[in-house]
Amino acid sequence: MSNHFSAVAITTGDPDGIGFEVTAKALAQLGPQKNTSFFLFRDDLQEKKQKRYFQLIDKKFTRLTFKTTKAALAFFYILKSTNALDRQFLFDLELSSNAAEWVIEATEMCRDKMFNSLVTAPLSKTLIKNSGYKFVGHTGIFRHYFPQYPMFMGFIGEKFNVVIASDHIALKDVETDLSTKKLTASFLAAKKLQDLLSSGKPVGLLGLNPHAGEKGVVGSFEEKILLPLVKKYKFLSKPLVPDAAFFPQNWPKYSTYLALYHDQGLIPFKMIHGQDSGVHITLGLPFLRTSVDHGTAKDIYNKNKANANSMRDAIELNLQLLKKGRA
């Protein structure tokens, strides 16, 4: 598909979460974008339950509603082939399938280059499980479809960025999981993010143990495993002491931090950026996917309290990287 007019899929996550609210608010804030068509995956009962958010969208876009993604794409291609596409058109997908199936369908269509990129709102692991799937989160879906691609969770924030070497596994399994092969792949993923952000600063590699092992006194992982690899990959820092690495004076030193397990990177990232900013990007996918960095927040569903900053940032970053030809 030509990048002249990009087709960007947006899945809105759990219908009883804040996904549709933050998406509608973000789209209303951003408005139509040059050479871009948005395809909005949402529940067929959503408009009846959350009419006010559709009104936000309708103030900025001409909404074209379809019952299936294939029908919407067919009309998109007709308009595109006749030069009749208008950036104000928003392809509204009123779907009877569930939110996990939206992500699966969008993933398949990105794989087949029917969509140029994907933006996702929060999807609960409970919904995926109750839908009969064994995937753990969005990343589990992507790994199922692209098992040959090593994938890593990246988080882009105003203050600093983070890549996670191992994600949804038990803490007791982290050291075993961090094989030389996986570490090498995570280093290259962090380098990819460094390149995407056009930063010449080094990647800040966190140590696994307290005090980064303190030369073997608190653990040998750093001395035996990490340091030999650091010598090979010159863009990496020496293993950083994890409890001091995220002091504000260190933020400008690194293009991104490479954390070795989930909470090591995400606790400081979310403590600093909260749930109102920051973008999640899946590194290693053969297509571009960005996402909010927060959950479904079902306790404030339909209360008009959800902050759309993270979704707005996710859409903006997605479009910026598409424009650069990075998809």
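Laboratory data are not the source of any read-out in this text; all were calculated from the coordinates shown. If you're wondering where the values come from, they're calculated on a predicted model, not measured in any experiment. A quick note on method: Cβ atoms are made from the backbone with ideal geometry, for glycine too, and the neighbour counts reach across all protein chains shown.
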Are any of the residues in segment 308-324 in contact with a Ser or Thr (Cβ under 7 Å, 6 or more places away or on another chain) and assigned to a strand (DSSP E or B)? no
Note: among D299, D293, just one is more than 29 Å from S6 (Cα to Cα) and not aliphatic (A, V, I, L, M), namely D299
Filter segment 191-235 for residues that are in contact with a helix residue (DSSP H, G or I) (Cβ under 8 Å, 6 or more places away or on another chain) and among the β-branched types (V, I, T); which is nearest to N250 (Cα to Cα)? V203
Picking from F89, F41, F76, the residue that is buried (at least 20 other Cβ atoms within 10 Å of the Cβ), closer than 25 Å to L317 by Cβ and more than 24 Å from the chain's Cα centre (by Cα) would be F76
Mind listing whichever residues of segment 230-273 are aliphatic (A, V, I, L, M) and either surrounded by 20 or more Cβ atoms within 10 Å (Cβ to Cβ) or not in a loop (DSSP other than H, G, I, E, B) (or both)? V230, L236, L240, A244, A245, L258, A259, L260, L266, I267, M271, I272
Looking at (1) surrounded by 15 or more Cβ atoms within 10 Å (Cβ to Cβ); (2) out of contact with any strand residue (DSSP E or B) (no Cβ under 8 Å at 6 or more places or on another chain); (3) among the aliphatic types (A, V, I, L, M), which is the one condition that is false for I300? (1)
For segment 136-163, give me each residue that is part of a loop (DSSP other than H, G, I, E, B) and touching a Phe, Trp or Tyr at 6+ places or on another chain (Cβ under 9 Å). Y149, M151, G157, K159, F160
Subset of segment 146-167 (residues that are in contact (Cβ under 8 Å) with a residue 40 or more places away in the chain and more than 14 Å from the chain's Cα centre (by Cα)): F146, Y149, P150, E158, K159, F160, A165, S166
Which is over 24 Å from L183 (Cβ atoms), hydroxyl-bearing (S, T, Y), in contact (Cβ under 8 Å) with a residue 60 or more places away in the chain and surrounded by fewer than 22 Cβ atoms within 10 Å (Cβ to Cβ), of S310, S277, S291? S277
Could you please tell me which pairs satisfy a Cβ distance under 7 Å, a separation of 6+ or placement on different chains, a first residue in segment 221-250 that is more than 22 Å from D177 (Cβ to Cβ) and free of Cβ contacts under 8 Å to residues at least 60 places away in the same chain, and a second residue that is among the basic types (K, R) and surrounded by 15 or more Cβ atoms within 10 Å (Cβ to Cβ)? F235/K191
